[in-house]
Structures are given as structure tokens and as C-alpha cells.
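To start, the structure itself, in C-alpha cells.
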Amino acid sequence: MVSLRRKIFFYFFVLLFFVLSFYVVCYAQGYRIKLTIPPSFEMFQKTGMILIKSEPGDALIYLNNEPRQSLVTRYLWSSSGYYHTPAKIKNLLPGEYNITLEKEGYHPWEEKIRVYPSQITKLSGIHLFKEGLPLKMVEEKFSRENLSLNKKFLVNPEKKIIFNLETQEIINFNVPLEKEREKNQKVFWSPQSDRFWLNNYLVYPEDNREEENFSSYLPENPNKIRWGENGEKIYYQTAENFYSFNPETKEKEKLFEESYSDYLISDDYLFILKNGNNHRLLIKNLTSEEKYQSLRLPHSPGYEIKEFKNDLIHIYDREYENLYLVEFNPPILVLKETLNNIKYYKWLNSEEIIYGNDFEIWSLNLEKKQKTLHSRISQKIKNLTVYPKSGNIIYYTDREIKVIGRQKNNKISITELTRLNSLSDLFLGGEGENIYFNAQIGNQGGFYKLNIK
């Protein structure tokens with residue numbers, strides 16, 4: 001009797017050993033066994049893998065609303081066994097999964113993905129945004145248009161103050177304002193952001209230099225002031241002529257006996273918009289008499305040249321809300337793309353532009369000629385920016401700041417960062433750690449920042 005019992009136990013454990021060994025080998029080879037009656041080859045399913053990273057890391061991973069556990073880690077190493085980013089999750093059955101990342105002090109992140117047999121689904125570039133309340137910095141409000149190019153200084157011409165975003169210091173300056181435009185003064189920052197031009201004065205935020213008055217060298221109201229790219233000269237026009245002015249040498253030079261509806265300077269090129277019987281984009285060389293092709297534009301009274309970026313001239317039609325992207329390969333001008341019904345835009349990289357109107361946000365990949373709708377909402381969108389590290393789209397309405405998670409298959413996730421009484425003039429700090437904006441929170445109005453990193 002004892003011998004029979006021993007034999008039974010022996011054969012049982014031998015069978016258990018082979019079953020477990022078979023299961024472990026299948027698991028190691030990326031197969032999952034799903035028992036079926038009767039047994040068939042379909043019970044052996046090839047699995048897939050998810051490789052996921054986030055910034056910051058150590059975020060708890062949920063699959064289909066359940067925290068994912070590693071049984072090996074849990075039982076062999078006496079830990080909780082829960083996966084945290086960065087992580088490699090193996091042996092997942094093919095299919096669709098809802099993935100959620102949660103970390104204390106941060107907004108959760110969520111996305112639907114599909115796992116394929118024998119493939120690795122990679123999820124990277126995920127940025128978790130901090131939860132928090134806006135912090136009031138100063139009582140005064142500022143226009144985003146008066147932000148320095150290095151995003152360090154903001155100017156309020158009406159109050160005659162400069163706000164240093166890094167040191168949170170207020171710097172006063174003294175420049176007479178134009179009476180008729182006292183509340184809508186625009187400053188013109190040099191390319192190096194070390195000084196700005198306002199009403200024929202130069203102001204130096206960091207050098208402790210007094211404001212320089214150039215009124216005796218220039219007309220009272222020079223029109224369409226622009227800096228040259230190296231910051232050496234200022235360009236402007238009168239009703240009939242186009243000039244350059246060097247503040248260091250006090251030298252003024254008449255370049256052309258004509259004026260333009262708008263213009264932009266890049267390197268030695270002068271990009272010109274001319275109105276008349278035909279609206280045209282023209283190009284002149286500031287250092288030579290070289291000739292270039294012109295480009296005819298549809299009739300409109302509201303053209304302006306926004307910028308020259310990614311080898312494209314950006315011409316915006318305020319009247320009909322169209323953006324024309326013109327490629328310039330000297331001496332040829334080619335209209336590369338026209339975006340209709342657009343009120344704002346931001347480049348994600350050299351190939352992809354994010355743009356939108358009051359209720360929609362789109363992207364266009366110029367290389368692939370592919371347009372994607374990212375959001376359509378009922379509230380009026382005021383503007384947007386792009387988080388540089390992850391490509392998340394940050395947009396705001398009159399009362400809300402939200403983030404769009406850029407996902408595949410035209411699926412989106414929207415996270416609300418904050419809700420306020422009112423807000424305006426939002427922009428992202430230089431390294432992307434803070435969002436700055438004017439806001440009204442209860443009875444407290446002023447200039448605020450929201451830490452998101």
C-alpha cells in the first residue's frame with residue numbers, strides 16, 4: 001500500500017514537472033496557452049510586448065483599468081509586483097488595451113493601443129503634467145506680443161515696466177508714449193533680446209544703461225519697424241521711402257524710393273508684399289542688384305508676412321484667414337501649401353505644423369501631405385502652443401487650459417490643467433517647465449504661472 005502511494009506521488013510529480021516545464025518553455029518563447037475543449041492548435045497563442053517610458057518615470061501602469069503585476073517579481077523578490085515606468089510588459093495576448101499611467105502629483109495619462117503577435121508596441125515621448133494651482137507673479141498684465149525672443153523679459157509699455165521671468169524682478173524705464181496709442185504700444189526686441197525699440201528709444205533691460213533717444217535722427221512716427229537679423233540695424237519706412245538706421249553709428253540710409261504694405265528681412269533678403277492692381281510677393285537683395293521671381297497673390301486687403309521659417313515664407317491673410325506657405329529657392333518662389341480657415345499655428349518640427357480656428361485643431365505633415373484633425377470642441381479656442389519634448393498640444397479658451405495627447409488612429413485624450421475665471425496671452429516658458437498667462441482668479445487679477453514639469 002505504501003509502495004503504491006509512493007508510485008502515485010512519483011508519477012504525479014513527474015507529470016506536473018513536464019506540464020510546468022512545457023508551460024514555462026511556451027511562456028519563454030512568447031506563447032500563451034488558452035485551454036479549449038476539445039484541445040486544438042488554436043489554444044497556443046503567440047503574444048506581443050509593450051515597451052513604455054514616461055517623463056517623469058516611476059508611474060504606475062494600468063492595463064484595462066487594472067494595475068499590471070509581475071508575478072515573478074512579486075513572489076520571488078517580495079515586492080508588490082506592480083509595473084512602473086519604464087517597463088517592458090511581455091506575454092500580452094493580441095488585442096486592444098487601454099493603458100493608464102498614474103503618478104502622485106501628476107495628471108493621469110491614458111491611451112488605447114493594439115498589441116500584435118510577435119511585435120513590440122513602443123510607447124515613448126510620454127510627458128506627465130504636474131497637478132497644481134496657478135501662482136500669481138505680479139499685479140500687472142502683459143501682452144504676449146511684447147515678449148522677448150529668448151522668453152526672458154515681458155514689457156508693459158503703458159506701465160513702463162519690464163518683468164524678468166527668471167528673477168521675477170520688475171525693471172522700470174522711462175520712454176514717452178504716443179498719446180493716440182497709449183494703450184496699444186508695441187515694442188520691437190532685438191534678435192539677441194538685449195534691448196528693444198519703443199517710440200524712437202532704445203531700452204536696455206540688463207545693462208543698467210539709460211534709455212537712448214533717437215528722435216532727432218528719425219521721423220516722429222517711423223512705419224513698420226524691423227530689426228535686421230544680426231541686430232546691427234533697424235529698418236523702417238515712411239510714406240514714400242524705405243530706410244535703414246544704425247543706432248551705434250547714428251547713420252541713416254535710404255535704400256529704396258518706395259514703401260510696402262509689409263516686409264520681412266532674413267539674411268540679405270528683403271521679402272516684400274506690395275498692394276496695387278496685383279497683390280504680389282517680391283524679393284530684393286539688400287547687398288546686390290540680383291533679380292528674383294515674384295509671386296502673385298489673390299486679392300485681399302489684409303496680407304502680412306509672419307515669418308521666414310523652415311525655408312518657407314509665411315504669408316497670412318487676416319481678411320480671409322488663409323495662411324500661404326511659400327518656398328524660396330533663389331531665384332524661384334513656389335507656393336507649397338495653403339491653409340484655409342486658420343487663426344493660429346505653431347511648428348512642431350520642420351515637417352509638421354499645428355494650426356486651428358475657433359473650434360478645431362489640425363496638423364499638417366508637409367512631407368506626407370497628410371492632414372489630421374486633433375480636436376473639435378464647442379468652446380471657442382483662443383490660441384495654442386506645443387510642448388517641445390512630447391509634441392503635446394496645449395490650447396486655451398477664455399477659462400480653461402487643456403492638453404491634447406497626440407495619439408494614433410485619430411484618437412485623442414484631453415486633460416484639463418486648470419480652470420479660471422478668465423485668461424489670455426498664454427505662452428510656454430523657454431524650457432517648457434511653466435505656462436505663463438494673464439488671468440482673473442476670483443477677485444485676484446494679474447500675471448500668473450502654472451508649473452507643469
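Suppose R0 equals 56 Å; then what is the FRET efficiency for Ser288 and Ile161 from their Cβ-Cβ distance, rounded to the nearest 0.05?
Working: r = 43 Å, r/R0 = 0.77.
With a Förster radius of 56 Å, E is 0.80.
Compute the Cα gyration tensor for region 265-326, then decide on rounded, prolate or oblate, letting a ≥ b ≥ c be the square roots of its eigenvalues: rounded whenever a/c is under 1.5, prolate when a/b is larger than b/c in the other cases, and oblate in all that remain.
Oblate.
Between Gln444 and Asn98, what length comes free when the chain is fully extended (0.36 nm per residue of separation minus the Cα-Cα distance, one decimal in nm)? Don't jump to the answer; show the numbers that get you there.
Values: separation 346, 0.36 × 346 = 124.56 nm, distance 4.04 nm.
In short, 120.5 nm is gained.
Between Ile414 and Lys346, what length comes free when the chain is fully extended (0.36 nm per residue of separation minus the Cα-Cα distance, one decimal in nm)? If you can, show how the numbers build up before the last one.
On the way: separation 68, 0.36 × 68 = 24.48 nm, distance 1.86 nm.
Between Ile414 and Lys346, full extension yields 22.6 nm more.
Kindly put Val155, Val403, Val334 in sequence by how many other C-beta atoms sit within 10 Å of each C-beta, fewest to most. Can you show the working numbers first?
On the way: Val155 26, Val403 21, Val334 12.
Ordered by Cβ neighbours within 10 Å, fewest first: Val334, Val403, Val155.
Taking amide H positions as placed in the peptide plane 1.01 Å from N, state which residues far from Met137 in sequence (5 or more) or on other chains have amide H under 5 Å from it.
Hits under the 5 Å cutoff: Phe447, Tyr448, Lys449.
Kindly express, to the nearest 10 degrees and within the range 0 to 90, the angle between helix 2-28's C-alpha long axis and the longest C-alpha principal axis of the chain.
Orientation of helix 2-28: about 20 degrees from the principal axis.
PRE reach from Asn451 (point 7 Å along Cα→Cβ): which of region 120-137 fall under 18 Å by backbone N?
Only 128-137 fall inside the zone, counting backbone N under 18 Å.
Considering only Asn383, Ser54, Ser193, whose Cα is most displaced toward the positive end of the charge dipole of the chain, charges sitting on Cβ of Lys, Arg (+1) and Asp, Glu (-1)?
Ser54
So how strong a dipole does the chain carry about its Cα centre when Lys and Arg Cβ are +1 and Asp and Glu Cβ are -1, to the nearest 20 debye?
Values: 61 positive and 58 negative charges, 653 e Å.
Here the chain has a charge dipole of around 3140 debye.
Which is farthest toward the positive dipole end of the chain among Gln69, Leu312, Ile342, measuring Cα position about the Cα centre, with Cβ charges +1 (Lys, Arg) and -1 (Asp, Glu)?
Result: Gln69, furthest along the dipole toward the positive end.
Towards the positive end of the charge dipole of region 202-242, with charges on Cβ (+1 Lys, Arg; -1 Asp, Glu), say which of Tyr235, Ser215, Leu202 has the farthest Cα.
Tyr235
Hey, how many Å between the Cα centroid of region 337-396 and the Cα centroid of region 229-287?
Here the two parts' Cα centres lie 31 Å apart.
What's the extension gain from Ala239 to Val138 if we count 0.36 nm per residue and subtract their Cα-Cα distance?
On the way: separation 101, 0.36 × 101 = 36.36 nm, distance 4.02 nm.
Using 0.36 nm per residue and subtracting the Cα-Cα distance, I get 32.3 nm.
Classify the chain as rounded, prolate or oblate from the Cα gyration tensor: take a ≥ b ≥ c as the square roots of its eigenvalues, call it rounded if a/c is under 1.5, otherwise prolate when a/b beats b/c and oblate if not. The partial results should precede the final answer.
Values: a/c = 3.29, a/b = 2.23, b/c = 1.48.
Prolate.
Roughly how many nanometres apart are two label points built 7 Å out from the Cα toward the Cβ at Ile170 and Glu248?
3.5
Using a Förster distance of 41 Å, how high is the FRET efficiency between Leu51 and Glu307, based on the Cβ-Cβ distance and rounded to 0.05? Numbers along the way, then the final one.
Values: r = 38 Å, r/R0 = 0.93.
It comes out at approximately 0.60.
Exactly which chymotrypsin sites (Phe, Trp or Tyr not before Pro) in region 167-267 are in a DSSP loop and have at most 13 other Cβ atoms within 10 Å? Write out the running numbers ahead of the final one.
Working: sites: Phe173, Phe188, Trp189, Phe196, Trp197, Tyr201, Phe214, Tyr217, Trp227, Tyr235, Tyr236, Phe242, Tyr243, Phe245, Phe256, Tyr260, Tyr263; in loops: Phe173, Phe214, Tyr217, Tyr260.
Those that pass, being in a loop and sparsely packed, are Tyr217.
Please compute the modelled spin-label separation between Gln119 and Glu337, points set 7 Å along Cα→Cβ, answer in nm with one decimal.
Output for this residue pair reads 2.6 nm.
If the only charges are +1 at each Lys and Arg Cβ and -1 at each Asp and Glu Cβ, what is the size of the charge dipole of region 321-453 around the Cα centre, to the nearest 20 debye?
400
I want to check the label-to-label distance for Glu257 and Tyr217. Put each point 7 Å from Cα in the C-beta direction and report it in nm to one decimal.
Distance between label points: 2.6 nm.
So if R0 is 30 Å, what FRET efficiency would Glu319 and Glu232 give, r being the distance between their Cβ atoms, rounded to the nearest 0.05? Before the final figure, lay out the partial values.
Values: r = 35 Å, r/R0 = 1.16.
After rounding to 0.05, the efficiency reads 0.30.
Bear in mind these aren't lab numbers, they're just calculated from the coordinates by the rules spelled out. Just so it is clear, the model here is predicted, and its values are computed rather than measured. Cβ coordinates were reconstructed from backbone atoms using ideal geometry, including for glycine residues, and neighbour counts include every protein chain displayed.
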